[in-house]
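I have placed the structure first, in the form of C-alpha cells, so that the comments after it can refer back to it.
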Amino acid sequence: MTVDARRRQLGDFLRSRRGALSRADFGLPTPARQRSAGLRREEVAALAGVSVTWYTWLEQGRDINASRQVLQALGRVPRLTATESAYLLSLGGYTPSEPDRPGSGEPAPPHLARLLDSLWFPAFALSMDWTITGWNAAYAALYSRIESLPASERNLLWLVFTDPHLRDMLPHWEQDSRHFVAEFRGESGAQLASGAHSALIARLSQASGEFREQWADLTVERFASRRRQFRHPEAGLLEFEHHRLVPSDHPDLHLIAYLTDPDSATAAWFRRADRPEPP
C-alpha cells in the first residue's frame, strides 16, 4: 500500500468514526440543517484539542504527517477499542511495517508441522497475510479441498469469499465472514506498506461484491475465541471452539485450532480409524 493510499484510508477511517458518533453522548444538540448524523469536523477537533484545519486535512488524506499524540487524541473522542486505536496509529505510520513477504506461502517450519500433526482435532497455520501454510489430517478431513488447491489459492480470506464449497459448509457465513474481515483489518497495520497486501485486497474486491461491501464498512476487531459450526457433507453439523495461538519463536505465524469436547458427536466422527485418537 502506498503512502497516499494509507492516508486515504486514514481519512476514511476518521470520517466513518466521526459519522457514527452520537451528538447526545457529548451533550450536543442536533442542528436543524445538519445533513448527516454524527459530529462536525470542528467539534471533533475541539474535543481532541487539535486544529480544525489540521483535522480536515487528515480526513481529506492530504500530504501531512500527524504525530502519535494527535492520533491518540483523535482516537479518544470516538472511544476507539484497543484494536481500532492500534489500527489508527498504523495508518499514521506508527506501527512498524513488515516488509513484503514473498515467502508467506512457504510451508510451516518442521517443528510446527509436527505439532499440528500431533493434534487429533482440526488445526492449521496462517501467515501474516492469512495464507494457510500448513494443516493436519483432521483439518483435511474437515475441509478436503485444502489439499488440492494451488498454493496461490490457499488464503483463508480469499477462500471464505470465493469458494462456494466452503461457503456451503458455514451455516453462519454472514456472521463468520464479517468477523474475518474485521479481524483481518485489525491485523493489517503491519502490512499496509506491502504490495502483497494491496494486491490481495484488490483481487478480493474484484472477485466479491460482498467483500467490497464489508471492507468498506471499516470495522475493526481483535480476534476472540468463539463457537464455530461447519456443515460437513459427510458428517453433518460439526461444532467447535475456535482458538488461535502464536508461537513465541515464530510470531509471524498463527496456529488456528478447532477444539471440541472429546465426548461430543463431532469428536466421535474424528475418532475414525484413519485419524489420531483424542486423549
Regarding residue 51, is this residue exposed (fewer than 15 other Cβ atoms within 10 Å of the Cβ) and either closer than 16 Å to residue 15 by Cα or modelled with pLDDT of 90 or more (or both)? yes
Filter region 49-67 for residues that are more than 25 Å from residue 216 (Cα to Cα) and out of contact with any Lys or Arg (no Cβ under 7 Å at 6 or more places or on another chain) and give the result. 49, 50, 51, 53, 67
Taking into account only those residues within region 244-279 that are among the hydroxyl-bearing types (Ser, Thr, Tyr) and in a loop (DSSP other than H, G, I, E, B), which is modelled with the lowest pLDDT? 248
Residues in region 45-74 that are in contact with an Asp or Glu (Cβ under 9 Å, 6 or more places away or on another chain) and over 17 Å from residue 89 (Cα atoms): how many? 2
Criterion first (of a type in the set (Gly, Ala, Ser) and closer than 21 Å to residue 139 by Cα) does residue 177 satisfy it? yes
Region 244-270 - residue that is surrounded by 16 or more Cβ atoms within 10 Å (Cβ to Cβ) and of a type outside the set (A, V, I, L, M, F, W, C) and, of those, farthest from residue 226 (Cα to Cα): 247
Could you grab me the full set of residues in region 28-48 that are of a type in the set (D, E, K, R) and at pLDDT below 90? 33, 35
Selected residue [outside any loop (DSSP other than H, G, I, E, B), acidic (Asp, Glu), at pLDDT 90 or above and farther than 21 Å from residue 117 by Cβ] from 221, 234, 210, 241: 210
Restricting the search to region 46-84, which residues are closer than 20 Å to residue 19 by Cβ, basic (Lys, Arg) and not in a loop (DSSP other than H, G, I, E, B)? 76
Could you say whether any residue in region 173-185 is at pLDDT 95 or above, closer than 18 Å to residue 246 by Cα and in contact with a strand residue (DSSP E or B) (Cβ under 8 Å, 6 or more places away or on another chain)? no
Among the residues of region 120-148, which ones are out of contact with any helix residue (DSSP H, G or I) (no Cβ under 7 Å at 6 or more places or on another chain) and in a loop (DSSP other than H, G, I, E, B)? 127, 148
Residue under question is residue 264, and the condition is that it be closer than 30 Å to residue 9 by Cβ and among the small types (Gly, Ala, Ser); does it hold? no
Could you say whether any residue in region 68-86 is without any contact (Cβ under 8 Å) to a residue 24 or more places away in the chain, surrounded by fewer than 16 Cβ atoms within 10 Å (Cβ to Cβ) and among the basic types (Lys, Arg)? yes
What number goes with the only condition from (1) modelled with pLDDT of 90 or more; (2) not assigned by TED's automatic domain parsing to the domain that holds residue 185 that residue 25 does not pass? (1)
Test for residue 237: is it surrounded by 13 or more Cβ atoms within 10 Å (Cβ to Cβ) and of a type in the set (A, V, I, L, M): no
Within region 184-195, does at least one residue satisfy the condition of being outside any loop (DSSP other than H, G, I, E, B), in contact (Cβ under 8 Å) with a residue 40 or more places away in the chain, buried (at least 18 other Cβ atoms within 10 Å of the Cβ) and basic (Lys, Arg)? yes
Condition first: surrounded by fewer than 20 Cβ atoms within 10 Å (Cβ to Cβ), touching a strand residue (DSSP E or B) at 6+ places or on another chain (Cβ under 6 Å) and either within 18 Å of residue 222 (Cα to Cα) or modelled with pLDDT of 95 or more (or both). Can you find one or more residues in region 160-169 that meet it? yes
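The values are calculated or read from the model by the stated rules, or taken from the named source; none is laboratory data. Fair warning: this is a prediction, and the values are worked out from it, not measured in the lab. Because the Cβ atoms are built from the backbone with ideal geometry, glycine has one as well, and the counts that use them run over all protein chains shown.
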